[in-house]
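None of the figures in this text is laboratory data; all of them are computed from the coordinates on show. The structure displayed is predicted, hence computed values, not measured ones. Glycine gets a Cβ as well: all are built from the backbone with ideal geometry, and neighbour counts include every protein chain shown.
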């Protein structure tokens, strides 16, 4: 179930770009610096959380794939792909 992880990484990348352009629009360099460092901290903690989630999903995959043929991560990535296409 690697699909969900790729979706999460893609989302993190898009968020990072959006935050960077937002920071660029702010006139005061000091404010922009604070915002960008805040965003970097948010993204870093988000990625750490994603990594933990992925490890938990990996463990869940091993359990659930025997039961229903579709892993938890695949289900999550399908749901996220559905939301992304809307």
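Structure notes:
- Compared with the alpha-carbon gap, the fully stretched path from residue 16 to residue 56 is longer by 12.0 nm at 0.36 nm per residue.
- Modelled FRET efficiency - R0 22 Å, residue 9 with residue 33, Cβ distances, 0.05 increments: 0.30
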